[in-house]
Amino acid sequence: DTAVSQTPKYLVTQMGNDKSIKCEQNLGHDTMYWYKQDSKKFLKIMFSYNNKELIINETVPNRFSPKSPDKAHLNLHINSLELGDSAVYFCASSRGLAGGGSTGELFFGEGSRLTVL
Amino acid sequence: GESVGLHLPTLSVQEGDNSIINCAYSNSASDYFIWYKQESGKGPQFIIDIRSNMDKRQGQRVTVLLNKTVKHLSLQIAATQPGDSAVYFCAENMTPRGSYIPTFGRGTSLIVHP
């Protein structure tokens, strides 16, 4: 069984369009994340949710809006796509916040490669 | 800002050799560090972790060393195999605002030649 699954795996779209990437985890974890990985493999955190509550929003443009309907799902919606949004987006989950006694290990999905033309 | 960095972006080794991947961090308040391995087309996977109250931790063929004095972390892979070829990231637990922010370094590409 896939622990963290994201869909779609590949997404090609035109500038200005709106698109969504979905993420689900079946690990029973409390915290979920979205990371953006650029062409040089740099992984930058975008958002983090703990039990459906936003806890980290790292200077991401307002065009990006995460939604967590329940603690097993964290979806990413992107409005008015720009060329610079092209990247691989990774969803991840962890057992909880480090201060709460969790290991802090992240479990990643396989990534969603977004190409904006 | 504070960041996690790497000394070498690419490391090429021969099969059977030992590999050492280095990482420098700048947040002296970080108390937890993880090494991840990312194979092509996949997400990063946990390899080994270490807390700041330790200076060495060993796993299967891997050892992580932590030097808090110089804020340096290294991953040693013994008897490197072709299957070890991947990008390796160190990540630190940064808590600038009381929330755990897993922050990744830039990554080192390990290439193992048969």
Ordered by number, the residues of segment B:44-67 that have at least 40 Å² less accessible area in the complete protein assembly than on their own chain alone (1.4 Å probe) are B:44, B:46
Projected onto the charge dipole of segment B:8-88 (+1 at Lys/Arg Cβ, -1 at Asp/Glu Cβ, origin at the Cα centre), which of B:85, B:32, B:48 gives the Cα projection farthest towards the positive end? B:32
Enumerate the aspartates and glutamates that residue A:67 could reach by cross-link, defined here as Cα to Cα under 18 Å, with residues fewer than 8 away along the same chain left out. A:18, A:24, A:30, A:53, A:58
Once you place label points 7 Å from the Cα toward the Cβ at residue B:12 and residue A:38, how far apart are they in nm? 2.6
Volume in Å³ per residue [convex hull over Cα atoms, computed for the protein assembly as shown]: 127
For segment B:4-113, rounded, prolate or oblate, judged on the Cα gyration tensor with a ≥ b ≥ c (square roots of eigenvalues), a/c < 1.5 rounded, else prolate if a/b > b/c? prolate
Run the dipole for chain B about the Cα centre, Lys and Arg Cβ at +1, Asp and Glu Cβ at -1, nothing else charged, and hand back the magnitude in debye, nearest 20. 220
Net charge dipole size for segment B:15-57 [Lys, Arg +1 and Asp, Glu -1 on Cβ; Debye, nearest 20]: 140
For labels at residue A:80 and residue B:78 in the simple 7 Å Cα→Cβ model, what's the distance in nm? 5.7
Using the Karplus curve 6.51 cos²θ - 1.76 cosθ + 1.60 with θ = phi - 60°, work out ³J(HN,Hα) for each residue of segment A:68-80 in order, rounded to whole Hz, and write x for Gly and Pro. 10, x, 7, 6, 8, 10, 9, 9, 10, 10, 10, 9, 6
Have a look at the DSSP beta bridges in chain A and tell me what percent are antiparallel, nearest 5. 90
Go through A:22/A:71; A:41/A:71; A:40/B:68 and tell me which ones have a Cα-Cα distance over 19 Å in this structure. A:41/A:71; A:40/B:68
Share of segment B:15-74's accessible area from carbon and sulfur, percent, 1.4 Å? 41
Tell me the carbon and sulfur percent of the accessible area for chain A, rounded to whole percent, probe radius 1.4 Å. 49
Mind grabbing the interface size between B and A? I mean buried accessible area, both sides, 1.4 Å probe, in Å² to the nearest hundred. 1800
Hey, what's the protein assembly as shown come to in accessible area per residue, 1.4 Å probe, Å²? 48
Answer in debye to the nearest 20: the dipole magnitude of the protein assembly as shown about its Cα centre, from +1 Lys/Arg and -1 Asp/Glu charges placed on Cβ, is 180
Amide H of residue B:31: which non-local residues (sequence gap of 5 or more, or other chain) have their own amide H closer than 5 Å, using H built in the peptide plane? B:93
Pull out the extension gain between residue A:62 and residue A:27, defined as 0.36 nm times the separation in residues minus the alpha carbon to alpha carbon distance; nm, one decimal. 9.7 nm
Quick one: plug the Kirkwood hydrodynamic radius of segment A:4-97 (C-alpha pairs) into Stokes-Einstein at 10 °C, 1.306 mPa s, and report D in µm²/s. 118
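The values are calculated or read from the model by the stated rules, or taken from the named source; none is laboratory data. Bear in mind that the values here come from a model prediction, so they are computed numbers and not experimental data. Backbone-built Cβ (ideal geometry, glycine too); neighbour counts: all protein chains shown. Side chains included, ligands, DNA and RNA excluded: accessible areas come from the protein's heavy atoms. Shrake-Rupley method; radii C 1.70, N 1.55, O 1.52, S 1.80 Å.
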